[in-house]
1. List pairs: first in the range 143-165 and within 18 Å of Lys76 (Cα to Cα), second of a type in the set (A, V, I, L, M) and part of a helix (DSSP H, G or I), Cβ under 7 Å, 6+ apart or cross-chain?
2. Could you list, in sequence order, the residues of the range 130-166 that are in a loop (DSSP other than H, G, I, E, B) and either open to solvent by 20 Å² or more (accessible area, probe 1.4 Å) or touching a helix residue (DSSP H, G or I) at 6+ places or on another chain (Cβ under 7 Å) (or both)?
3. Pairs under 6 Å by beta carbon, first residue closer than 21 Å to Leu117 by Cα in the range 54-78, partner assigned to a helix (DSSP H, G or I) and of a type in the set (Gly, Ala, Ser), six or more apart or different chains?
4. What number of residues within the range 102-129 satisfy the criterion of being within 22 Å of Arg56 (Cβ to Cβ), in a loop (DSSP other than H, G, I, E, B) and open to solvent by 20 Å² or more (accessible area, probe 1.4 Å)?
5. From the list Arg64, Arg36, which one is more than 23 Å from Ser17 (Cα to Cα) and open to solvent by 40 Å² or more (accessible area, probe 1.4 Å)?
6. Out of the residues in the range 78-94 that are buried (at least 17 other Cβ atoms within 10 Å of the Cβ) and among the hydrophobic types (A, V, I, L, M, F, W, C), state the one that is nearest to the chain's Cα centre (by Cα).
Amino acid sequence: MRFGEFAKEDLFCIETSKIYKNMGGGIKTVEFILKRKNRQIIFLEAKTSCPNENRREESEEKARKFEEYFCDIADKFHDSLQIYLASLLRCYEDLSEVGSSLQETGEFGKNELKFILVIKNAKIEWLPGPQSILENKLRALCKIWGAKVVVLNEELAAQHHFIATS
């Protein structure tokens with residue numbers, strides 16, 4: 001997937017940022033953080049596929065991989081939010097990679113946080129399962145911040161203007 005062209009001031013490419021790279025191992029991030037004009041702050045993670053919930057009990061290995069998959073994604077959302085908040089508190093010297101609109105802290109609580117997982121090859125009817133699992137894993141974070149979890153496939157991501165159309 002090739003994600004859309006977003007204004008530099010609205011974007012934090014956290015996964016490729018120096019802030020993240022300078023932290024070393026043990027921290028996970030989403031692809032990017034995006035501020036939308038409608039006061040949404042999007043934390044977007046992309047995957048090509050997702051383990052089948054109906055097959056996770058077929059073996060211990062499948063159950064383990066299923067759990068690892070969703071724990072990994074939840075960790076990415078959690079760690080990315082922490083890095084973003086630390087940048088707002090000026091914990092890092094160089095914030096040049098954090099878009100200027102993402103650095104604005106005035107009335108921060110009026111923003112809506114969204115943790116979005118895009119699963120490229122998922123059928124629309126499969127999406128409620130992963131969304132429910134992630135909502136459960138991120139329940140405390142969503143409760144604290146009033147955040148929402150959304151799971152999309154490539155088609156829906158394009159409809160929401162996350163995917164480049166050229």
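1. Ala147/Leu141; Val149/Leu134; Val151/Leu134
2. First, pick out the residues of the range 130-166 that are in a loop (DSSP other than H, G, I, E, B): 138, 146-147, 160-162, 164-166.
Result: Leu138, Gly146, Ala147, His160, His161, Ala164, Thr165, Ser166.
3. Listed by first residue and then by second, the contacts come to Arg56/Ala63.
4. Filtering the range 102-129 down to residues within 22 Å of Arg56 (Cβ to Cβ) leaves 115, 117-129.
Subset that is in a loop (DSSP other than H, G, I, E, B): 120-123, 127.
With the extra rule that they be open to solvent by 20 Å² or more (accessible area, probe 1.4 Å), the set shrinks to 120-121, 123.
Total satisfying the criteria: 3.
5. Values: Arg36 fails: more than 23 Å from Ser17 (Cα to Cα).
On inspection, the qualifying residue turns out to be Arg64.
6. Among them, the one singled out is Leu81.
The values are calculated or read from the model by the stated rules, or taken from the named source; none is laboratory data. Keep in mind that what you see is a predicted model, and the values were worked out from it rather than measured. Positions of Cβ are generated from backbone atoms using ideal geometry, with glycine treated the same way; all protein chains shown enter the neighbour counts. The area values use the complete protein model at the heavy-atom level, side chains included, leaving out ligands, DNA and RNA. Shrake-Rupley method; radii C 1.70, N 1.55, O 1.52, S 1.80 Å.
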